[in-house]
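The values are calculated or read from the model by the stated rules, or taken from the named source; none is laboratory data. Small disclaimer: the values here were computed from a predicted structure and weren't measured. As a convention, Cβ positions derive from the backbone with ideal geometry for all residues, glycine included, and neighbour counts pool all protein chains shown.
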Amino acid sequence: MTEFRAQTGAGEAPDPDAVHPRDSSAQAPTSVARLGDTIRGFVEKWGFVWVEGEVTSWNARGGNVFGRMKDLHTDASISFRVWSKTLQRLPSDLKVGDRVVACVKADYFVRQGDFSFTVSAMRHLGLGDQLERLERLRAQLRSEGLFDPARKKPIPFLPRLIGLVTGERSDAEKDIHRNAELRWPRVRFRTVHAAVQGDRCVPETMAALAALDADPEVDVIVIARGGGDSQHLLGFSDERLVRAVAAARTPVVSAIGHENDHPLLDDVADLRASTPTDAAKRLVPDVAEQRAMVSQLRSRLTTRLTQRVAHDISQLEQLRSRPVLRAPETMLRGREHELFVLVSRGRETSTRAVEAGARRVDELRASLRALSPASTLARGYAIAHLDGGAIVRDAEQAPAGAAVVVTVARGSFAARSEGRLDETGRSEAEN
């Protein structure tokens, strides 16, 4: 402290324009500007001092950085600013959770009444204890598969009822309601308020999550909180809350802080939204966009159908314009002569075939008659049959007294054999 007091310029002559308690009263108060100038003049006399701590907030805006630094052993913290020119000289990997040593100088901004420290130098000393614990927990949960995208549940396209866990009368609640209702006016919420920082944050958030998860009407649950110091967001990296979100049956959306805030809840949730406003935009569709999409699809459908009908009409017109369909009798006339020729040729061919067949039949008939036994019988010959039907070919087959049937040209008659005739023509019976 001795060195610090020496650097602040203790023992210098008092400023005649400074405000002293004896110079003001209820009847003769000093102005806000004079009070601010007095504070600024006092602060400007302080010198530079090296401090050690853990970066708990690091917000880059307009090329500058606005952040906070926390004591390593207590809850004491300071706010600091890093201007763009200084930022170019600092390590590029500085971030929340780093343990650093910084050279700072106090600044008081009269217009805003804001007290802060301007950083002129900063360097790493290692990971802060808090960040180290979070990184170990993050690695453990990742090894257990709680961050695996395959286990995450899909968010419904248009939730019937949205469960919301947030602080009472918070800006996050207003942002979600306002932006969701602007996109889809008939959206419905069931809101359960819970502390979003401090010792009550984890148990109340877990109780609200359990109540909404047990409600069958709730399609999706949003855990939302506005931005803030990383110390205030520690509850959303608590292992108990993270595991409760992983075990929930209802899809859970994490909408904690700003884009650069990244509690463990973001990794285990089924959907991470950068802000509460972003969560509202990603939860419900924009009714105007959906109507425009429907109109666009209807227009495309009408265009496609019109094009298809016009194409088919054109095809029909092309078919109708072909000669075969425009004057089909032309094709018939061309085939008429061909058909007449074919019929005439078929009739002539069939006539010749019939005549040739008739001649052949006559020839066969004549041959048959010439070879037929009837012709032989007609010339006076006869055929003798025994009773069994056997034809008598040898006189020995018809001994004397044998019954014989004699067939002549016109019929048959019965006879009886007198036996074999000798050379003189006498039968055996006569001899």
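Some notes on this structure:
- Test: residue in region 353-375 that is touching a strand residue (DSSP E or B) at 6+ places or on another chain (Cβ under 9 Å), of a type outside the set (S, T, N, Q) and part of a helix (DSSP H, G or I): yes
- Single condition Lys45 does not satisfy, out of (1) under 17 Å from Leu125 (Cα atoms); (2) of a type in the set (D, E, K, R); (3) in contact with a Gly (Cβ under 7 Å, 6 or more places away or on another chain); (4) without any contact (Cβ under 8 Å) to a residue 40 or more places away in the chain: (1)
- Taken over region 380-426, the criterion of being outside any loop (DSSP other than H, G, I, E, B) and in contact with a helix residue (DSSP H, G or I) (Cβ under 8 Å, 6 or more places away or on another chain) is satisfied by Ile383, Thr407, Val408, Leu421.
- Of the residues Ala224, Ala207, Ala246, Ala211, the single one that is in a helix (DSSP H, G or I), of a type in the set (A, V, I, L, M, F, W, C) and under 23 Å from Ala280 (Cβ atoms) is Ala211.
- Boolean, Phe189 is surrounded by fewer than 20 Cβ atoms within 10 Å (Cβ to Cβ), touching a strand residue (DSSP E or B) at 6+ places or on another chain (Cβ under 7 Å) and touching a residue at least 12 places away in the same chain (Cβ under 8 Å): yes
- Residues of region 167-204 that are in contact with a Gly (Cβ under 9 Å, 6 or more places away or on another chain) and not in a loop (DSSP other than H, G, I, E, B): Asp171, Ala172, Glu173, Asp175, Phe189, Arg190, Thr191, Val192, His193, Cys201, Val202.
- Within this structure, His262 passes the test of being closer than 16 Å to Leu146 by Cβ and either outside the structural domain of Phe66 (by TED's automatic domain parsing) or part of a loop (DSSP other than H, G, I, E, B) (or both).
- Of residues in region 220-253 being crowded, with 24+ Cβ neighbours inside 10 Å and of a type in the set (Gly, Ala, Ser), the one farthest from Ile155 (Cα to Cα): Ser230
- For region 274-297, a residue qualifies if it is part of a loop (DSSP other than H, G, I, E, B), in contact (Cβ under 8 Å) with a residue 24 or more places away in the chain and within 26 Å of Arg169 (Cβ to Cβ), and the qualifying residues are Thr275, Val284.
- Given (1) assigned to a loop (DSSP other than H, G, I, E, B); (2) surrounded by 14 or more Cβ atoms within 10 Å (Cβ to Cβ); (3) of a type in the set (Lys, Arg), index of the condition Arg160 fails: (2)
- Selected residue (criterion: surrounded by the most Cβ atoms within 10 Å (Cβ to Cβ)) from residues of region 67-90 that are touching a residue at least 40 places away in the same chain (Cβ under 8 Å) and part of a strand (DSSP E or B): Val82
- Positions within region 37-63 being out of contact with any strand residue (DSSP E or B) (no Cβ under 7 Å at 6 or more places or on another chain) and either in a helix (DSSP H, G or I) or surrounded by 16 or more Cβ atoms within 10 Å (Cβ to Cβ) (or both), in sequence order: Asp37, Thr38, Gly41, Phe42, Glu44
- From the options Asp175, Asp148, Asp107, Asp171, residue that is more than 30 Å from Ile221 (Cα to Cα) and either surrounded by 15 or more Cβ atoms within 10 Å (Cβ to Cβ) or among the acidic types (Asp, Glu) (or both): Asp107
- Close pairs from region 91-115: first under 11 Å from Gly36 (Cβ atoms), partner modelled with pLDDT of 80 or more and of a type in the set (S, T, N, Q), Cβ under 9 Å, at least 6 apart: Tyr108/Ser116; Phe109/Ser116; Asp114/Ser79; Phe115/Ser79
- Flag for Leu301 being modelled with pLDDT of 90 or more, closer than 30 Å to Trp184 by Cα and of a type outside the set (Lys, Arg): yes
- Set side by side, the residues Arg320, Arg300 differ, and just one is part of a helix (DSSP H, G or I), farther than 30 Å from Asp270 by Cα, within 43 Å of the chain's Cα centre (by Cα) and not assigned by TED's automatic domain parsing to the domain that holds Arg160, which is Arg300.
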